[in-house]
Amino acid sequence: MVNAPQVELQPVGRATGGRLRRRLLRVGLVLAIVVAVLVALVGSSAIHPDRGPSDSDRTARIAVVGPEGGLSTIAGDGTDARAYPLPGVAFQFPAWSPDGSHVAAIGRDASQGSVFVVDDRATLTTMAAPIVAAGNPDQGPIYLYWSPDGRRIAFLTSEPNELALQVVSADGTEPAAVIRRGQPLYWDWIDGSHLLVHSGGGGLDAFLGEVGVDATEVSPIAVALGPFQAPGISSDGRYRAYVVADAAQSASVVVEARDGSARHATAVLGASALGWSPDGAQLAYMAPAQPSSLPVGPLHLIDAGSGATRLLLDEPVLAYFWAPDARTIAALRIVLPSDDNVVAIAAVVPLGARPIAQSGGLSLELAFVDVATGTIRSERPVRLSDIVVRQFLPFFDQYALSHRLWSPGSEAIVLPLVDDAGAAHITIVPADGSEPRQIADGVAAFWSP
């Protein structure tokens, strides 16, 4: 709702009677036109958000992994680059703290893998000591995710026969503790001290439940789990989402209130990838159009309150990412038809397994989809860096919880795009279809809140 502007009417001299009424009517007509225009502009999705980068996008920062694995940050407009050198250490997939002040990243040297945290507000670009040093490079940390209050970092370590979910204080004052083991293992933070954990896939050892950081299983959900990876909690904490299977192994996406007051189930034909809108009103999911174990297919939306579903994008989607304003989804689509793509998809997204993919055989298009109308705002072919194709895209539903591709103002996403010579460049890709711009060289990048 737009409030009418407050206009102080100045004295109109000795105008009386009809003249005064006519002047007041003209003033009222002008005000009505102004209000109508404002309402139309604010309510129109056609102009959003194509007015150039917002101030938040200019001042927000981007964490970058360079071509050789170095860690740095840079402003969204490509200025104020800050390097955090650590000789002999290669970093991957840096994640910003919720307040945008710190960056956590996994670093590996010849002897071990560690979790590092750096204060990006510091005037001197010095690298902090690791808060966790765990195992050799093959058995160290492989993924991390800040708690919503910024006090803790949950991370996965690769064990000889399974994965371990550990939690450590972000300042390193409290040691890391294992709170769950399993293979595979995914989670979403409920609040600063509880997580919704899915481990063991859909097998006999499968587990889905709310787990405290002290390893107490607060609320196990006793269901036969279907094929999916990361569960989800809505931003307001009211709803959770996961996939179940019935006795005949038919799968359904479940959206339910955590207090038990509502539950909606939507049948799907195979593996699904789930993602809540930032406002918590809708759940996006993609599932195959025909029975399949690959979570690749059309993109749908479920209304959290009513359970109503609608098709948003009727094309084979490999990954998708909500804009912070919940009005646009960036979707990576498979370019068809091509037998090479079928082979590449199978290599890239084996559910529950570590992927080995050849990115050169996978043709992708990036489409920005208007959530309200389902129309394509813009689209373009893209070629992504190998590390993103091999390690990020197969588990995008988990990474989407912890790592931000979108700018804070929802104007653009950041991607490592590969040129014709095979070099990867950190590139800002506007949602409105305007020309992308390179801001650095690198193989991975993520925007701060």
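The values are calculated or read from the model by the stated rules, or taken from the named source; none is laboratory data. The model shown is predicted, which means the values in this text are computed figures rather than measured ones. Positions of Cβ are generated from backbone atoms using ideal geometry, with glycine treated the same way; all protein chains shown enter the neighbour counts.
Remarks
- Each residue in segment 81-133 was checked for being in contact with a His (Cβ under 8 Å, 6 or more places away or on another chain) and among the β-branched types (Val, Ile, Thr), and 2 of them qualify.
- Restricting attention to segment 397-420, the residues that are farther than 21 Å from Gly100 by Cα and not in a strand (DSSP E or B) total 3.
- The selection criterion, being in the same structural domain as Ser111 (by TED's automatic domain parsing), touching a Phe, Trp or Tyr at 6+ places or on another chain (Cβ under 8 Å), modelled with pLDDT under 95 and surrounded by 17 or more Cβ atoms within 10 Å (Cβ to Cβ), holds for Val132.
- Taken as a whole, the structure leaves Gly209 outside the set of residues that are part of a loop (DSSP other than H, G, I, E, B), crowded, with 16+ Cβ neighbours inside 10 Å, in the same structural domain as Gln112 (by TED's automatic domain parsing) and not β-branched (Val, Ile, Thr).
- If you go through segment 428-445 and keep only what is in contact (Cβ under 8 Å) with a residue 40 or more places away in the chain and among the charged types (D, E, K, R), you end up with Asp432, Arg437, Asp441.
- From Pro137, Pro160, Pro148, residue being outside any strand (DSSP E or B), over 20 Å from Gln92 (Cα atoms), in contact with a strand residue (DSSP E or B) (Cβ under 7 Å, 6 or more places away or on another chain) and not aromatic (Phe, Trp, Tyr): Pro148
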